[in-house]
Amino acid sequence: MMRHYAEHAGCRRSFLLTYFGQDYPGPCGNCDNDLTDAAVPAAGIARAEVPFAVGARVVSERWGEGTVQRYDGDQVTVLFDEHGYRELFLPVVLRRGLLRPA
C-alpha cells in the first residue's frame with residue numbers, strides 16, 4: 001500500500017483517508033498531485049454507482065471477510081481480515097458477483 005501511495009497519481013488526501021476507512025472522494029486541492037498540472041485526474045465512477053460503501057464489510061468466497069477501503073477508477077481495494085489488501089477490477093467483481101455484503 002505504501003508503494004501505491006507513492007505512485008498514486010490522484011489525490012493523496014483521498015488515498016490516506018480511505019486507507020483509514022473514511023469516504024473522501026477528493027480532490028483536496030492541496031496535495032502535491034492536486035497542485036501540479038501534470039496530475040492525472042482519477043478516472044472514477046460516480047458515487048451513486050459504487051456497489052459497496054467505503055468502510056462496508058464484504059465477503060468473498062476466496063478471501064473471506066473484509067472491509068472496502070477505497071475506489072480508484074475501475075478498481076476497488078478491499079482489506080481482507082486474513083489475506084490483507086486486494087485490488088479488484090470492479091467490472092469483473094460486479095459481473096461475477098465476487099463480493100457480497102457481510
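Brief remarks follow.
- Asp23 part of a loop (DSSP other than H, G, I, E, B), among the acidic types (Asp, Glu) and modelled with pLDDT under 90: yes
- Filtering region 86-98 to residues that are outside any strand (DSSP E or B), open to solvent by 20 Å² or more (accessible area, probe 1.4 Å) and either touching a residue at least 12 places away in the same chain (Cβ under 8 Å) or in contact with a His (Cβ under 9 Å, 6 or more places away or on another chain) (or both) leaves Pro91, Leu94, Leu98.
- Test result for Gly55, at pLDDT 90 or above and at positive phi: no
- For region 44-85, residues that are closer than 20 Å to Tyr5 by Cα and open to solvent by 80 Å² or more (accessible area, probe 1.4 Å) total 1.
The values are calculated or read from the model by the stated rules, or taken from the named source; none is laboratory data. Given the structure is predicted, the values throughout are model-derived calculations rather than measurements. All Cβ positions, even for glycine, are placed from backbone atoms using ideal geometry, and neighbour counts span all protein chains on display. Side chains included, ligands, DNA and RNA excluded: accessible areas come from the protein's heavy atoms. Shrake-Rupley method; radii C 1.70, N 1.55, O 1.52, S 1.80 Å.
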